[in-house]
Each structure stands twice: as structure tokens, then as C-alpha cells.
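Novice: Quick one: structure below, then a few questions.
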Amino acid sequence: MTSLRAHDLRLVYKLPRKLSLALRDRRVADGGSSVGGRTAGNTVVALDGVSFDLEAGDRLGLVGTNGAGKTSLLKLLYGIFEPSGGRIERSGRVDALFNIQLGFRPEATGRRNIVLRGLINGWPRAEIDRRMDEIIAFSELGDFIDAPFKSYSQGMAARLAFAIATSFEPEILLMDEWIGAGDPAFQERARQRMEELVAQAGIIVLASHQHSLLKRTCNKILELESGTIKYFGPSAAYFEAQSKP
Amino acid sequence: MINAISGAVADIRKGLGMSGVWVALAHEDVGDAHRRTLLGPAWLLINYLLFAGTFVVIFDDGRTPGFPAYVAVGLLVWLFISDGVSQGIVLFQREQSFIQGTVLPLSIYILRMTMQLVIRAGYALAGCAMILLFFHVMPSVGWLWSILGVMIVLVMMPGLMIICAVAGTVFPDLQFIVGNLIRLGVFLTPVFWVPATAVGLHKIFYHWNPFTYFLEVVRIPIMYGIFPERAFVIAIAATAVTWLTALMLLGIYRKKIVFLL
């Protein structure tokens with residue numbers, strides 16, 4: 001049974017004070033950029049005491065201001081960061097869509113990029129070949145699939161990325177913000193695909209500032225503030241509380 | 001430390017198991033670098049021939065028998081090592097988006113770069129073979145030792161690149177320091193000068209520059225058909241020290257690199 005559990009997660013790290021011969025530029029921070037939370041000296045507490053349980057069929061919306069810790073939490077759940085404390089229990093195949101351009105070669109065709117992206121995700125070559133037509137069909141790229149990736153619009157790139165990531169039916173899909181990309185028709189198809197994933201006993205974790213998207217898509221909300229949980233519960237109750245003056 | 005080293009070994013083992021990824025990406029890298037050019041990767045062969053030809057024409061004073069072969073083989077190994085060092089020092093910085101966006105083991109990037117170096121060296125090797133043929137240097141049984149020498153260089157290189165990649169991430173200024181050292185390195189390593197005519201600092205560098213021995217394990221068997229025992233011992237020892245250092249560094253910094261970029 002697919003599940004995702006976080007127990008008292010904590011992510012603390014030191015801002016990299018790199019060894020450098022350059023004079024320090026006091027206009028910019030010493031390092032670290034995408035993660036927020038509380039800082040003390042050069043130590044950042046990006047997440048502290050974060051616990052939640054997700055079961056098959058859950059669609060969790062991550063909300064919070066920039067720097068609240070949403071991306072850090074997604075990267076912890078995916079395994080890019082290791083927690084400084086607490087533990088994560090994942091039961092199910094995990095895939096992530098953080099940066100839609102990541103892994104795409106601008107000079108290679110869409111078709112070749114499907115192969116490369118599949119290999120990077122650890123899929124067997126035979127499986128990639130078997131899914132190729134389905135991915136191309138879902139991406140709606142038509143003849144563009146044999147054109148270089150650099151000729152694609154942002155929406156086309158997003159469609160291809162989404163088609164690849166969801167073609168292998170990840171049991172746990174982590175997404176950061178970008179799902180708003182693409183035209184309304186594609187967004188509707190993407191929403192349907194996500195519904196299918198959830199119906200197949202999947203879990204989706206989606207970080208976004210678009211409350212309308214989260215309201216439509218998610219059944220649970222986790223709000224982060226300075227790396228700690230401000231709210232975790234049903235999305236209906238969250239948005240109801242938000243709508244009150 | 002044992003935990004760190006076993007973590008590094010696990011990372012490398014996982015990377016080796018994903019050969020489909022780094023082989024495919026390395027081919028794309030080499031193809032992309034020459035995609036818009038008329039001659040494509042053949043430029044790698046042309047560049048090597050121009051480089052080697054220039055050295056032979058300028059530095060062959062007629063006192064060293066087989067000087068063109070000496071330069072051709074020495075340059076082949078030196079370019080492989082120096083390319084690996086200069087690319088390795090900025091490797092993790094260049095792969096920042098991958099490292100911060102995927103769960104691929106760090107060794108994937110090292111193996112991808114090694115594969116890229118091997119592909120590029122393949123073109124230079126064709127140029128080297130042309131020079132040897134042109135100067136009537138014919139294969140002999142002794143050349144088999146050279147194959148063993150090539151294997152040692154190939155084994156040493158990923159370890160050296162791990163050290164460079166970690167050091168370049170922790171100390172970014174290193175890319176410029178190493179860039180200058182590489183430029184000097186071609187003069188301090190016996191690529192186009194021979195130990196017999198070396199004096200002063202050159203003589204010191206011949207003995208104390210570890211890269212000397214990686215060149216000699218490949219070059220001496222081809223030049224003289226003999227087994228250079230001392231060069232092999234030092235090259236193998238240097239490879240062991242390189243890998244031990246690489247495993248320690250990879251083990252210590254493996255999970256920190258993502259925050260250092």
C-alpha cells in the first residue's frame with residue numbers, strides 16, 4: 001500500500017562559507033538560496049518538527065511564503081537532502097517534477113530527450129521504448145517530437161516533462177509549482193492525469209502559491225511557516241478559514 | 001571514516017550500475033560540443049595532430065631517436081589527464097541543477113566525464129596512430145605493457161576527478177589556480193622534453209612530478225619495447241593514494257555537496 005510518512009523532520013545545515021581568496025561581497029548572502037527557515041549565525045534551520053502521514057489517494061498541497069521550507073520539504077521527501085533529524089518512510093515508487101527543464105538537452109530532439117530523461121529516472125531502455133508512443137501522444141507535440149528541444153515553447157516543454165514523469169505511473173509524485181504551465185486545455189488534461197494517478201492509489205504532493213489550483217486538486221493542505229507546520233489538515237477547512245475575513 | 005568510505009563505495013557502485021545513463025549523456029556531450037560544426041568531432045583529431053605536429057616541428061633537435069613517437073604518445077596521455085583535471089575542478093558546479101534536482105549518485109557525473117574523456121581520447125588515439133605509422137614505428141610484443149599502462153591511467157582518472165570536483169566545490173578559486181598549473185604542467189611534465197637532456201629544474205620535475213610516471217608506463221613500452229618497472233610501481237602506488245583520498249573526500253562531502261553549490 002502506497003504511503004508517505006514524515007516523523008519529526010528536521011533539516012539544519014550550515015550556510016557554505018566557502019574557502020575563497022575573494023573579498024567578501026556584503027551585498028549578498030554567504031550562500032544557500034532556495035531554502036528558508038530560521039537562521040542563527042551561518043546555520044539555517046530549514047525545517048523543524050515536521051510530521052505528517054499520507055495514505056494512498058491523498059493529494060497534499062504545500063503552502064507557505066517564499067522561504068517557508070516548501071522546496072526543502074519536497075527535496076527531503078525525494079531524497080536529495082538527508083534529514084538532520086527525524087525520519088521519512090516511503091512506501092511506493094517516487095518521482096519528482098521540480099525543474100521542468102532539468103535533464104533536457106536543448107540540441108537533442110524531443111524523442112531523444114524522452115530516452116535520456118527515462119534513463120536518468122532509472123527506467124529500463126525497453127520500458128522507455130514501450131512507452132514512447134504514449135508519451136508522445138500525451139505531450140501533443142506531433143511532428144515536433146523530432147525537432148530539437150530548444151525549438152519548443154515553455155508550454156511544449158512542460159507538456160513533454162509532465163507526459164514523461166507521469167507515464168511510468170509513479171506511486172508518489174512530488175511537484176513544485178510549475179503545474180500551472182501550459183495552456184488551459186493541457187492543464188485540464190494534466191488534472192485528469194493526476195486524478196488517474198490518485199485513483200491508482202497514488203500520492204501527490206504539490207507545492208504552489210496558486211490557491212485555486214490547490215483547492216481544485218488537493219484534499220489536504222500543509223502550511224509551513226519558518227520551517228514549522230502552521231496547519232495540516234483537510235483542504236476544505238483550510239480554504240474555508242482562509243476565506244473568512 | 002569507515003562509514004564515510006563505505007558510503008562513497010556505495011555511491012560509486014550505484015553509479016557503475018547506471019552505465020546506460022552516463023554512456024548516453026557522454027555521447028550527447030561530445031556530439032553537442034561539435035553539433036554546429038562542419039567536421040564534427042573530427043576536430044578532436046585535427047586539434048591533436050596540430051598540437052603534436054607543432055611540438056615535433058619546434059622541439060625535435062635530432063638528438064632524440066623516435067622523438068615524434070615520444071611526443072605523440074606523451075601528448076595523448078597528458079591531454080587525457082589535463083582535460084580530466086581542468087573539467088573535473090568545475091564538474092559539480094556545472095552539474096548543479098542535476099545535483100539539486102535529482103537523486104543520482106555523484107559518481108554518475110564523474111563517470112560521465114570519464115566516458116567523455118575516453119571518447120575524446122579515442123579521436124586523439126587515431127591521430128597518435130597516424131603519427132606512429134607515418135614515422136614507421138611498428139607494433140611489437142612490448143606494446144602489450146603499454147595497454148597495462150593505459151589501464152592504470154584509466155583507473156586513476158576517475159579518482160583524480162573526484163578529488164578535483166570536491167576540492168573545486170569547496171574552494172572555487174581552485175579552478176583558476178589549477179588552470180594556470182595545467183598550462184605550466186605541459187612544460188613541467190616530460191611531454192616534449194626528454195629526461196636525458198633535462199637539466200636543473202626539469203630534472204627535478206622529471207622525478208618528482210607524479211604525472212611523469214603515468215606518461216612513462218604508456219610511452220616507454222611503445223618507444224623501447226621494455227617493461228618500465230619503476231614507473232609502473234610508482235604509477236600504481238600513486239593510483240592507490242589517489243583513490244584512497246578520493247574515497248575519503250567523497251565519503252565526507254557526498255551529502256554536503258548539494259548545500260555547497
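Values in this text are rule-based calculations from the coordinates and carry no lab data. The structure displayed is predicted, hence computed values, not measured ones. Cβ coordinates were reconstructed from backbone atoms using ideal geometry, including for glycine residues, and neighbour counts include every protein chain displayed.
Novice: Give the cross-link partners of A:Lys150 among the aspartates and glutamates, using a straight C-alpha distance below 12 Å as the criterion and excluding same-chain residues fewer than 8 apart.
Specialist: Answer for A:Lys150, where 12 Å is the Cα cut-off: A:Glu107, listed by chain and number.
Novice: Need the full-extension length gain, B:His34 to B:Arg63, defined as separation in residues times 0.36 nm minus the C-alpha distance. One decimal, nm.
Specialist: Values: separation 29, 0.36 × 29 = 10.44 nm, distance 3.91 nm.
Between B:His34 and B:Arg63, full extension yields 6.5 nm more.
Novice: Mind putting a number on the dipole of the range B:2-260 about its Cα centre? Charges go on the C-beta only, +1 for Lys and Arg and -1 for Asp and Glu, and I need it in Debye to the nearest 20. It would help to have the intermediate numbers written out before the result.
Specialist: Values: 15 positive and 11 negative charges, 75 e Å.
Roughly 360 debye, rounded to the nearest 20.
Novice: Cross-link candidates for A:Lys215: which lysines have Cα within less than 24 Å, leaving aside residues fewer than 8 places away along the same chain?
Specialist: Within the straight-line cut-off, A:Lys215 pairs with A:Lys70, A:Lys75, A:Lys230, A:Lys244.
Novice: Specify whether the C-alpha gyration tensor of chain B places it in the rounded, prolate or oblate class, a ≥ b ≥ c being the square roots of the eigenvalues: rounded for a/c under 1.5, otherwise prolate if a/b is larger than b/c and oblate if not.
Specialist: Prolate, since a/c reaches 1.5 and a/b exceeds b/c.
Novice: While we're here: Could you derive backbone 3J(HN,Hα) for the range B:55-62 from the dihedral phi with the Karplus parameters 6.51, -1.76 and 1.60 (θ = phi - 60°), listing whole Hz in sequence and x where the residue is Gly or Pro?
Specialist: With the stated coefficients, the range B:55-62 comes to 4, 5, 5, 7, 9, 7, 9, x Hz.
Novice: When a/c is below 1.5 the answer is rounded, else prolate if a/b is larger than b/c, else oblate, so apply that to the protein assembly as shown with a ≥ b ≥ c taken from the square roots of the Cα gyration tensor eigenvalues.
Specialist: It comes out prolate by the Cα gyration axes.
Novice: Can you work out the Karplus-derived ³J(HN,Hα) for every residue in the range A:61-66? Use 6.51 cos²θ - 1.76 cosθ + 1.60 with θ = phi - 60°, whole Hz, and x for glycine or proline.
Specialist: Once θ is set to phi - 60°, the couplings for the range A:61-66 become x, 9, 10, x, 5, 4 Hz.
Novice: Across the residues of A:114-120, average count of Cβ atoms on other protein chains within 10 Å? List each step's numbers first, then the result.
Specialist: Numbers: counts 0, 2, 5, 0, 2, 8, 10.
Mean shielding by partner chains, rounded to a whole number: 4.
Novice: Using a simple spin-label model with points 7 Å from Cα along the Cα→Cβ vector, what separation in nm is obtained for A:Thr43 and A:Ala241?
Specialist: 3.0 nm
Novice: Roughly how many Å is it from the Cα centre of the range B:51-73 to that of the range B:145-160, as a whole number?
Specialist: For the range B:51-73 versus the range B:145-160, the Cα centre distance is 24 Å.
Novice: Rounded, prolate or oblate: which fits the range B:96-217, taking a ≥ b ≥ c as square roots of the Cα gyration tensor eigenvalues, rounded meaning a/c under 1.5, else prolate when a/b beats b/c?
Specialist: oblate
Novice: At R0 = 35 Å, how high is the FRET efficiency between A:His209 and A:Thr109 if r is their beta carbon distance? Nearest 0.05 is fine.
Specialist: The formula returns an efficiency of 0.55 here.
Novice: Find how many whole Å separate the alpha carbon centroid of the range A:72-111 from the alpha carbon centroid of the range A:122-144.
Specialist: Rounded to whole Å, the Cα centres lie 20 Å apart.
Novice: Next question, about the same structure. Among B:Val90, B:Ala231, B:Gly251, which residue has its Cα positioned farthest towards the positive end of the charge dipole of chain B, with +1 placed on the Cβ of Lys and Arg, -1 on the Cβ of Asp and Glu, and the dipole taken about the Cα centre?
Specialist: B:Gly251
Novice: Now for a separate question. For the protein assembly as shown, what is the calculated [θ] at 222 nm in deg cm²/dmol (nearest 500), taking -39500 (n - 2.57) for each run of four or more DSSP H residues and dividing by its residue count? Spell out each step's value before the answer.
Specialist: On the way: 20 runs with 283 residues, N = 506.
Mean residue ellipticity at 222 nm (helix-derived): -18000 deg cm²/dmol.
Novice: For the residue pair A:Lys150 and A:Glu89, what label-to-label distance in nm results when each label sits 7 Å from Cα along the Cα-to-beta-carbon direction?
Specialist: 4.9 nm
Novice: Spin-label point model (7 Å from Cα, Cβ direction): what's the B:Phe134 to B:Arg13 distance in nm?
Specialist: Each label point is offset 7 Å from its Cα along the Cβ direction, giving 4.8 nm.
Novice: I'd like the FRET efficiency for B:Val118 and A:Ala126, computed as 1/(1 + (r/R0)^6) with the beta carbon distance as r and R0 of 30 Å, rounded to 0.05.
Specialist: Computed FRET efficiency for B:Val118 and A:Ala126: 0.70.
Novice: Return B:His207, B:His202 ranked ascending by Cβ neighbour count within 10 Å, so the fewest neighbours appear first.
Specialist: Exposure proxy ranking, most exposed first: B:His207, B:His202.
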